[in-house]
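I have placed the structure first, in the form of structure tokens, so that the comments after it can refer back to it.
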Amino acid sequence: MQKKKGLSTKAVVATGIGTAVFIILFKFLAIPTGIANTQINVAQAWLSLIASIFGPLVGGLVAFIGHALNDGISYGSIWWSWVIADGAFGVLIGFFARYLHVTSGTFTTKKIIGFNIAQIVSNIIAWLIIAPLGDIFIYSEPAAKVFTQGVVSASLNSISTAVLGTAIIAIYTRTQTKKDSLEYEA
């Protein structure tokens, strides 16, 4: 039997619903920081859950599409360097989270620590490397400005995801049947 190429129906639906929720959280629950165009973004917690369940492709698409649509709706133009960085965050967190097996029904202390190391590394890559370099190369923004925004974004997104992302994944895993928890009755 030949394997089908492309996204499954489940992945397409998850991408659509995930993106819709991401946009709502990104637009209406962002908390300003006082640094230009930089806010505490609670949508990252939602993205962490979606990427943990459905993997890097869905995580990347939800973040990329959601951020692009939010920019278009909110500002009338898309800031591509940050859209790409958000998409990269979704891919990275989805890649790392595959090893958490959140659908197995357990989210142990070891998995919580692993998730938080992964999300901090993903935030650093996205907001301290990809976004500032994109701002410099695409938009010719001053390095001091964009790296300041990157430090603030990486720090606040890491804290937000540590608190809210860990909580939402822990709540989700409690709704899942634990692996090997069912007994066979003869």
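Each reported figure results from applying straightforward, stated rules to the coordinates on display, with no laboratory input. The structure displayed is predicted, hence computed values, not measured ones. Cβ: placed from backbone, ideal geometry, glycine included. Neighbour counts: every protein chain shown.
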**Complete:** When Phe54 is run through (1) closer than 23 Å to Ala131 by Cβ; (2) surrounded by 20 or more Cβ atoms within 10 Å (Cβ to Cβ); (3) touching a Lys or Arg at 6+ places or on another chain (Cβ under 9 Å); (4) touching a residue at least 40 places away in the same chain (Cβ under 8 Å), the failure sits at (1)
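How many residues does segment 63-80 contain that are part of a helix (DSSP H, G or I) and either in contact (Cβ under 8 Å) with a residue 60 or more places away in the chain or surrounded by fewer than 20 Cβ atoms within 10 Å (Cβ to Cβ) (or both)?
To start, the set of residues in segment 63-80 that are part of a helix (DSSP H, G or I) comprises 63-75, 80.
Applying the additional criterion that residues be either in contact (Cβ under 8 Å) with a residue 60 or more places away in the chain or surrounded by fewer than 20 Cβ atoms within 10 Å (Cβ to Cβ) (or both) yields 69, 71-75, 80.
Within segment 63-80, residues that are part of a helix (DSSP H, G or I) and either in contact (Cβ under 8 Å) with a residue 60 or more places away in the chain or surrounded by fewer than 20 Cβ atoms within 10 Å (Cβ to Cβ) (or both) number 7.
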**Asked** Which residue pairs have Cβ atoms closer than 7 Å, lie 6 or more positions apart in sequence or on different chains, and pair a first residue in segment 158-172 that is touching a residue at least 12 places away in the same chain (Cβ under 8 Å) with a second residue that is in a helix (DSSP H, G or I) and hydroxyl-bearing (Ser, Thr, Tyr)?
**Response** Thr161/Ser48; Gly165/Ser48; Ile169/Ser48; Ile169/Ser52
**Fill in**
Those residues of segment 103-132 which are out of contact with any helix residue (DSSP H, G or I) (no Cβ under 6 Å at 6 or more places or on another chain), in a helix (DSSP H, G or I) and either without any contact (Cβ under 8 Å) to a residue 24 or more places away in the chain or of a type in the set (Gly, Ala, Ser) (or both) amount to Ser104, Thr109, Lys110, Lys111, Ile113, Gly114, Ile117, Ile129
